[in-house]
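The values are calculated or read from the model by the stated rules, or taken from the named source; none is laboratory data. Just so you know, these numbers come straight off a predicted model, no measurement behind them. Cβ sites come from the backbone with ideal geometry, for glycine too, and all protein chains shown count toward neighbours.
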Amino acid sequence: MANHKSAEKRARQTERRTVENNARRSRLRTSIKKVEEAIKAGDKKVAADALKAAQPEIQRGATARVIAKNAAARRVSRLNARIKAMA
């Protein structure tokens, strides 16, 4: 347990941030799953729309450091490539 006032404050901040980061990570994963499912289903239009919705969520995750900036760019790029490769 924290003994100093500043350490107590840091503990409170960490708690709040952990809750928010977990929610953000969950939204991120859900949006990516929706794109993956649309790709698997073979519906290019739905997949493209899902990626359009997921892209800002992925970028927000990178901005908030939930995932690394390059990882976010790589995810978007690979999903986009898979959608383009669809018939």
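Among the numbered conditions (1) within 16 Å of the chain's Cα centre (by Cα); (2) under 23 Å from ILE83 (Cβ atoms); (3) not hydrophobic (A, V, I, L, M, F, W, C), tell me where LYS45 comes up short. Among (1) within 16 Å of the chain's Cα centre (by Cα); (2) under 23 Å from ILE83 (Cβ atoms); (3) not hydrophobic (A, V, I, L, M, F, W, C), the lone unmet condition for LYS45 is (1).
For the condition aliphatic (A, V, I, L, M), closer than 30 Å to MET1 by Cβ and within 14 Å of the chain's Cα centre (by Cα), what is the one hit in ALA64, ALA11, ALA72, ALA53? Being aliphatic (A, V, I, L, M), closer than 30 Å to MET1 by Cβ and within 14 Å of the chain's Cα centre (by Cα) holds for just one of ALA64, ALA11, ALA72, ALA53, which is ALA64. Of all residues in the range 19-39, none satisfies being over 12 Å from the mean Cα position of the chain (by Cα), closer than 30 Å to ALA87 by Cβ and exposed (fewer than 11 other Cβ atoms within 10 Å of the Cβ).
Are any of the residues in the range 64-81 among the charged types (D, E, K, R), modelled with pLDDT under 95 and surrounded by 11 or more Cβ atoms within 10 Å (Cβ to Cβ)? Taking every residue of the range 64-81 in turn, none turns out to be among the charged types (D, E, K, R), modelled with pLDDT under 95 and surrounded by 11 or more Cβ atoms within 10 Å (Cβ to Cβ).
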